[in-house]
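A short write-up of the structure that comes next.
The values are calculated or read from the model by the stated rules, or taken from the named source; none is laboratory data. Keep in mind that this is a model prediction, so the values were computed, not measured. Here Cβ is always computed from backbone atoms with ideal geometry, including for glycine, and neighbour counts include all displayed protein chains.
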Amino acid sequence: MRGGCSLVPSGFSARPSEGHAVATARSGDDPDLRLWVDRLRERDSQKRLHAATVLASLGPRARGALNALIEALKDPSPLVRRMAAVGLGEIGVEARSAIPALMEALRDESEAVRRQAILALGDMGPEARLAAHALIQSLRDESVSVRRYAAAALGDIGPTAAAAIPALIDALREDDVKNRAVSAAALTKMGSRAVPRLIEALRDADAKVRRHAARTLGKNARAADAVPALTELLQDADPSVRAAAAEAIKSVLSSEC
């Protein structure tokens with residue numbers, strides 16, 4: 001799981017049966033999923049959160065609770081919804097049936113839920129290609145971090161999300177340096193499909209876009225067609241663009257040897 005969140009909520013005092021279930025899950029034995037699925041439907045939101053947290057800690061072994069976790073994406077508590085998304089991401093590609101529900105969660109009122117839904121989709125890699133359009137919409141989210149996570153997830157989906165290439169190039173205009181870097185990395189993962197659009201971006205009015213387009217082409221083994229346009233950038237008014245173009249030409253030519 002990415003995102004650096006702890007799977008253990010603060011303030012819990014697990015009863016013996018609960019403690020035993022968590023220990024069993026960590027030891028690799030088959031967990032008692034029914035117990036935790038039932039607790040996901042408790043009236044007490046803290047108990048539901050605890051149940052979602054335990055299920056998330058089980059990783060792929062919680063696939064028997066898949067439907068319950070999908071249902072929990074609509075829980076009244078944003079903490080439970082977020083942890084349900086964590087659990088689905090931990091299950092991974094076997095949670096592909098949750099993709100429509102995770103796409104809907106991209107519009108959740110809670111920023112934390114939106115982020116975690118994006119992470120879950122990214123964890124499914126190319127299996128989440130049907131979510132590409134929804135993730136493209138997330139590139140325009142009001143939250144800087146949500147936009148960053150969306151770019152990373154599109155990169156994780158890879159070339160099957162090639163429809164995102166124009167939006168990812170546009171994201172190179174971001175003021176946030178981390179967002180620009182993540183968008184550039186996502187474009188690198190799009191492979192040869194991104195080359196024509198990146199060549200066009202070398203002539204963009206924004207120096208940030210030209211610089212990142214050049215750097216991204218330099219990491220693409222099939223960017224030989226970009227050499228003429230990169231050569232033109234050696235005369236660019238911006239020194240950082242000139243340096244990026246020179247390095248890209250060197251990388252592209254060396255990859256052909």
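Summary table below
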{"read-out": "Matching residues, segment 174-207, being over 19 Å from Gly158 (Cβ atoms), charged (D, E, K, R) and within 23 Å of the chain's Cα centre (by Cα)", "value": "Glu174, Asp175, Asp176, Lys178, Arg180"}
{"read-out": "Pairs where the first residue, in segment 36-48, is surrounded by 14 or more Cβ atoms within 10 Å (Cβ to Cβ) and the second is among the acidic types (Asp, Glu), C-beta under 6 Å, 6+ apart", "value": "Arg48/Glu42"}
{"read-out": "Entirely in segment 1-94, the helices (runs of 4 or more DSSP H) that have 1 or more residues that are modelled with pLDDT of 55 or more", "value": "33-39, 45-57, 66-72, 78-91"}
{"read-out": "Flag for Glu142 being more than 23 Å from Met124 (Cα to Cα) and in a helix (DSSP H, G or I)", "value": "no"}
{"read-out": "Meets criteria (within 30 Å of Thr216 (Cα to Cα), surrounded by 24 or more Cβ atoms within 10 Å (Cβ to Cβ), not assigned by TED's automatic domain parsing to the domain that holds Ala52 and not hydrophobic (A, V, I, L, M, F, W, C)) for Ser145", "value": "no"}
{"read-out": "Members of segment 53-95 found to be of a type in the set (Gly, Ala, Ser), farther than 19 Å from Asp38 by Cβ and surrounded by fewer than 24 Cβ atoms within 10 Å (Cβ to Cβ), listed by number", "value": "Gly59, Gly92"}
{"read-out": "Filter result for Glu104 (out of contact with any strand residue (DSSP E or B) (no Cβ under 7 Å at 6 or more places or on another chain), closer than 20 Å to Arg61 by Cα and among the acidic types (Asp, Glu))", "value": "no"}
{"read-out": "Which listed residue, of Ile136, Ile169, Ile118, Ile165, is in contact with a Ser or Thr (Cβ under 7 Å, 6 or more places away or on another chain) and assigned to a helix (DSSP H, G or I)", "value": "Ile118"}
{"read-out": "Sole residue being over 27 Å from Gly122 (Cβ atoms) and assigned to a helix (DSSP H, G or I), chosen from Val241, Val182", "value": "Val241"}
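Residue by residue, here is whether (1) buried (at least 16 other Cβ atoms within 10 Å of the Cβ); (2) over 25 Å from Ala163 (Cβ atoms) holds:
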| site | (1), (2) |
| --- | --- |
| Ala186 | yes, no |
| Asp204 | yes, no |
| Thr216 | yes, no |
| Ala224 | no, no |
| Leu234 | no, yes |
| Lys250 | no, yes |
